[in-house]
Amino acid sequence: QAQLVESGGGFVQVGGSLKLSCTASGIAFSDHAGGWYRQTPGKVREPVAAIYSVGTTSYAGSVRGRFTISRNDAKDTVYLQMNSLKSEDTATYYCNAYDGTNNYWGQGTQVTVSS
């Protein structure tokens, strides 16, 4: 059974950095596009960053230049390095893996950026 487990969330001050990790079991990340989404209460879950099997990446405009997504297929892990964090980055961050048919989600990790 496929499972994604996120880690690395927490509290950080404005301008600080955090690195999120998402490790898969039951599937191989190398066969999937990996992505990070985020959601705040009352709002729709929104895409943050994605990385494809060939290494191509894409970012939401609000995080481009501050966040970096990467992957280590040998460890079945996708990362999200978040720098220059802003208060509006506060959200629950979810990991996603998609193979064109199946869509898998992690349980979410909370990121809180305080001023």
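DSSP finds beta bridges in the chain, and of those with both partners inside it, around 85 percent are antiparallel. For the range 29-62 and the range 1-19, write down the distance between their C-alpha centroids in whole Å. Computed from Cα coordinates, the inter-centre distance equals 14 Å.
As an equivalent ellipsoid, the range 8-51 spans semi-axes of 23, 16, 10 angstrom, where each value is the square root of five times an eigenvalue of the C-alpha gyration tensor, largest first. Among the protein heavy atoms of the chain, carbon and sulfur supply 48% of the accessible surface, probe 1.4 Å, non-protein parts ignored. The alpha-carbon of K43 sits under 27 angstrom from the alpha-carbons of these lysines, leaving out residues fewer than 8 places away in its chain: K19, K86.
Computed from the Cβ-Cβ distance with R0 of 25 Å, the FRET efficiency linking S25 to Y52 stands at 0.75.
Farthest toward the positive end of the dipole of the chain, out of G34, N102, S87, is the Cα of S87, where the dipole comes from beta carbon charges about the Cα centre. Compactness ratio for the chain: Cα radius of gyration over 2.2 N^0.38 Å (N = residue count) comes to 1.00. Each Cα pair under 8 Å and six or more residues apart adds its separation to the average, and for the range 68-115 the resulting relative contact order is 31 percent. The slack between Q3 and Y98, meaning 0.36 nm per residue of separation minus the straight C-alpha distance, is 33.0 nm. For the pair K86 and A60, the difference between a 0.36 nm per residue extended length and the Cα-Cα distance amounts to 7.9 nm. Here each label is just a point 7 Å from Cα along the line to Cβ, and for V14 and N72 those points are 3.4 nm apart.
The values are calculated or read from the model by the stated rules, or taken from the named source; none is laboratory data. These numbers come from a predicted model, not from an experiment. For neighbour counting, all protein chains shown are included, and Cβ atoms are generated from backbone atoms with ideal geometry for every residue, glycine included. The area values use the complete protein model at the heavy-atom level, side chains included, leaving out ligands, DNA and RNA. Shrake-Rupley method; radii C 1.70, N 1.55, O 1.52, S 1.80 Å.
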